[in-house]
């Protein structure tokens with residue numbers, strides 16, 4: 001329903017903004033809802049707002065679960 | 001990590017597909033609704049439906065905020081845009097959506113209305129500050145994902161005392177829509193792929209009623225191909241085990257409690273309307289947001305006359321059935337004929353995220369098989 | 001609808017544009033030269049075969065990263081001739097100028113036209129200027145026409161395309177459209193993408209060495225690669241099966257498209273070509289393209305296939321999808 005794109009925080013700016021980078025594209029977005037983010041963090045960007053900080057540990061945990069299916073499949077074949 | 005490509009691995013996808021096949025009982029059909037239009041779009045965009053076992057049927061839900069705006073509200077938007085003093089700022093998605101008499105904002109623009117495409121509501125506020133002689137009206141659409149952005153923009157407008165800015169709010173809430181679908185007769189949906197990005201704001205708790213009151217499992221999912229396949233696997237596992245719980249596949253951005261700052265902004269700026277009309281679904285109680293009294297000065301509906309006419313959904317169109325999972329897009333008599341993405345008749349065809357539009361663009365001729 | 005008006009979607013190069021051209025202009029002006037609706041008409045007399053084309057340029061802003069309206073006008077016209085299998089002989093240029101337009105800027109544009117013409121080895125041989133009242137035009141519009149001599153080594157056309165033929169693209173797609181869209185500034189996105197505007201006649205001359213193994217060429221401008229390939233599918237009566245991962249897209253262009261919810265396959269190019277060649281000639285064609293500076297990023301992206309109805313299909317790592325024609329101007333989406 002709502003386009004959300006992962007971007008990396010490049011710098012914190014004044015006025016509640018941060019500069020983010022999406023594959024080489026820069027945009028200043030509001031971090032009013034993610035005040036804790038720092039340069040290097042990844043955030044989910046929607047309509048010019050960082051809606052959530054992306055949790056790398058959780059991201060890896062999900063990948064590990066997906067990889068379990070891959071391991072099971074390789075075992076079976 | 002880029003948090004995108006990692007979840008697009010083809011080998012993992014085929015392994016997940018094999019797992020899905022092992023999780024279904026032959027001949028027993030399972031109907032799952034992906035609530036969110038983003039999931040619908042991703043499924044067709046990547047051709048994921050080919051990886052699902054025959055027993056699993058995906059039903060496309062109401063989670064496209066553009067599609068659910070009723071025609072009367074689009075006409076209201078056009079009437080605001082046509083006021084000579086108004087610069088009407090909108091997300092690009094809304095421009096092609098037809099109102100009554102099939103006229104859209106894009107056509108209003110062609111006839112001379114000052115319609116601006118913006119990427120963010122903050123950009124609309126910036127226009128108001130840059131052009132103090134114009135009355136900038138922002139077309140607020142979207143679920144709880146987008147509404148906080150509008151809310152924060154209004155807080156900003158008040159803080160900076162920007163008086164030539166207002167919002168025409170059509171923000172809607174996902175929970176009441178889900179309940180409306182579950183309450184409609186003959187609903188045979190076995191489980192829900194829960195919306196991912198709306199959940200970054202509201203968290204996972206608001207879906208608990210689906211499990212508790214209706215006995216259906218919900219798995220909140222991300223938007224990459226393997227997120228969606230994994231969520232379907234999690235739903236099938238719940239169904240096999242006879243469980244109905246809210247699970248979260250999208251832990252990298254969704255927390256159980258959501259985003260407290262965004263929720264606080266929503267609460268401060270908006271009130272819940274008594275009821276709001278949804279295209280295809282009719283009026284749903286307490287499903288829409290209007291500006292709170294404290295923001296009356298920034299409320300386009302209070303500052304300008306809006307016609308507020310109610311326009312019936314076209315009779316020939318079966319969008320209501322499609323949205324409730326009772327009909328597939330191609331089972332509608334006007335699909336692809338009187339109703340196409342160029343001249344959409346019903347809600348499901350108006351945005352590329354609508355079930356019919358996605359089906360039309362990507363899945364229309366799925367029987368065409370490509371040899372490996 | 002008798003009160004229907006022209007909307008911007010009618011000019012975006014997708015389905016709506018096609019409807020306007022076929023339903024109005026072709027209907028009123030129908031003749032055998034116009035009927036194929038190619039990039040250029042082929043006019044022949046006494047054994048000489050000429051390609052004839054015209055185009056208008058209404059880009060905003062007039063200057064954008066990687067070029068300006070003048071360069072775009074020359075290259076666009078050269079390219080329409082080039083992909084028709086012709087080497088350009090001469091161009092004309094008409095200027096509709098809004099009263100008050102700065103002379104220095106006009107000179108800059110004329111100068112960049114001269115530079116582009118030099119690069120393409122063609123002359124702007126005739127011109128016309130009209131000045132209109134302030135507000136009657138958005139700065140400057142340029143209309144060009146071009147005439148070229150057909151390269152008789154190659155015989156191009158939809159009717160030459162066969163099932164099994166291969167589809168090549170000369171480089172990364174969507175660069176022009178993204179560069180211009182972001183140069184307008186209202187989306188607040190900053191990116192180092194430049195328009196790919198360039199003359200393609202060098203590349204097409206190289207491909208013409210393939211003789212009859214070269215079947216068809218087109219430059220995927222408005223409406224992007226997807227629209228051009230849909231025209232190919234319809235024209236040839238064959239499906240185009242793409243390998244999605246093989247389609248070259250720069251990383252930052254892809255990023256901008258993701259942020260805006262736009263599919264790069266629908267975004268305009270001004271210096272890329274699509275070529276269809278026989279399967280036997282595919283490797284040679286790729287080598288010819290990659291041997292030219294403008295084709296360094298060339299890729300083999302798909303093939304033609306017999307089908308019950310012609311479609312453009314994209315194979316993904318997961319399945320396949322239909323790549324439909326563009327409905328209207330690509331608009332930034334939130335959802």
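Each reported figure results from applying straightforward, stated rules to the coordinates on display, with no laboratory input. This structure is a prediction, so every number in the text was calculated from the model and none was measured. Every residue, glycine as well, gets a Cβ built from its backbone with ideal geometry; the counts of neighbours run over all protein chains shown.
Quick notes on this one:
- According to the Cα-based calculation, Rg over Rh for region B:1-121 is 1.17, with Rh computed by the Kirkwood formula.
- Coarse-grained scattering of chain C at q = 0.06, 0.08, 0.15, 0.16 Å⁻¹, given as base-10 log I(q)/I(0) from a Debye sum over alpha-carbon atoms: -0.20, -0.36, -1.38, -1.57
- Debye intensity ratio in log₁₀ form over the Cα atoms of region B:63-197, taken at each q of 0.17, 0.19 Å⁻¹: -0.90, -1.06
- Candidates A:67, A:41, A:21: whichever shows maximal mean-square fluctuation once chain A is modelled as a Gaussian network with Cα springs under 10 Å: A:67
- Residue C:309-residue B:21 pseudo-label distance in nm [points 7 Å out on the Cα-to-Cβ vector]: 3.0 nm
- Here the relative contact order of chain C, from alpha carbon pairs under 8 Å that lie six or more residues apart, stands at 23 percent.
- For region B:150-172, the residues whose backbone nitrogen is under 20 Å from a point 7 Å from the Cα of residue B:311, taken along Cα to Cβ, are B:168-172.
- With a Förster radius of 51 Å applied to the beta-carbon distance between residue A:67 and residue B:292, the computed FRET efficiency rounds to 0.60.
- Using C-alpha pairs under 8 Å with a sequence gap of at least 6, the mean separation divided by the residue count of region B:239-370 gives a relative contact order of 13 percent.
- On the beta carbon distance between residue C:89 and residue C:287, with R0 = 35 Å, the FRET formula returns roughly 0.75.
- Once the Cα-Cα distance is subtracted from the 0.36 nm per residue extended length, the residue B:183 to residue B:131 segment shows a gain of 14.0 nm.
- Computing FRET efficiency as 1/(1 + (r/R0)^6) for residue B:29 and residue B:208, where r is the C-beta to C-beta distance and R0 is 22 Å, gives about 0.25.
- Note on residue B:241 and residue B:161: the extension gain reaches 23.1 nm, defined as 0.36 nm multiplied by sequence separation minus the Cα-Cα distance.
- Of the residues B:124, B:358, B:42, the one that moves most in a GNM of chain B with alpha-carbon contacts below 10 Å is B:42.
- Here the convex hull built on the C-alpha positions of chain A has a volume of 114 cubic angstrom per residue.
- Comparing Cα centroids, region C:207-229 and region A:24-77 end up 39 angstrom apart.
- Computed with the Debye formula from one identical point scatterer per Cα of region B:197-335, without solvent, the log10 of I(q)/I(0) at q = 0.12, 0.17, 0.22 Å⁻¹ comes to -0.75, -1.19, -1.26.
- Beta bridges by DSSP in the protein assembly as shown, antiparallel share as percent, to the nearest 5: 60 percent
- Diffusion coefficient (Stokes-Einstein, Kirkwood radius over C-alpha pairs, 20 °C, 1.002 mPa s) for the protein assembly as shown: 78 µm²/s, rounded to a whole number.
- Whole-Å distance, taken between Cα centres, linking region C:1-45 and region B:100-121: 25 Å
- Note on residue C:29 and residue C:138: their simple-model spin labels are 2.2 nm apart, each label 7 Å out from Cα toward Cβ.
- Beta-bridge orientation, region B:219-368: approximately 70 percent antiparallel, per DSSP, counting only bridges with both partners inside.
- Among C:227, C:53, C:320, the residue with the largest mean-square fluctuation in a Gaussian network model of chain C, with springs joining Cα atoms closer than 10 Å, is C:320.
- Computed over region B:164-233, Kirkwood Rh from alpha-carbon pairs, angstrom: 13.7 Å
- Under the criterion of Cα pairs below 8 Å and six or more residues apart, the relative contact order for region C:94-189 equals 36 percent.
- Between region B:11-66 and region C:149-202, the alpha-carbon centres lie 35 Å apart.
- The average projected area of region C:1-150, computed from the convex hull of its Cα atoms over all directions, is 10.7 nm².
- More than 22 angstrom apart: percent of Cα pairs within region C:135-208: 54 percent
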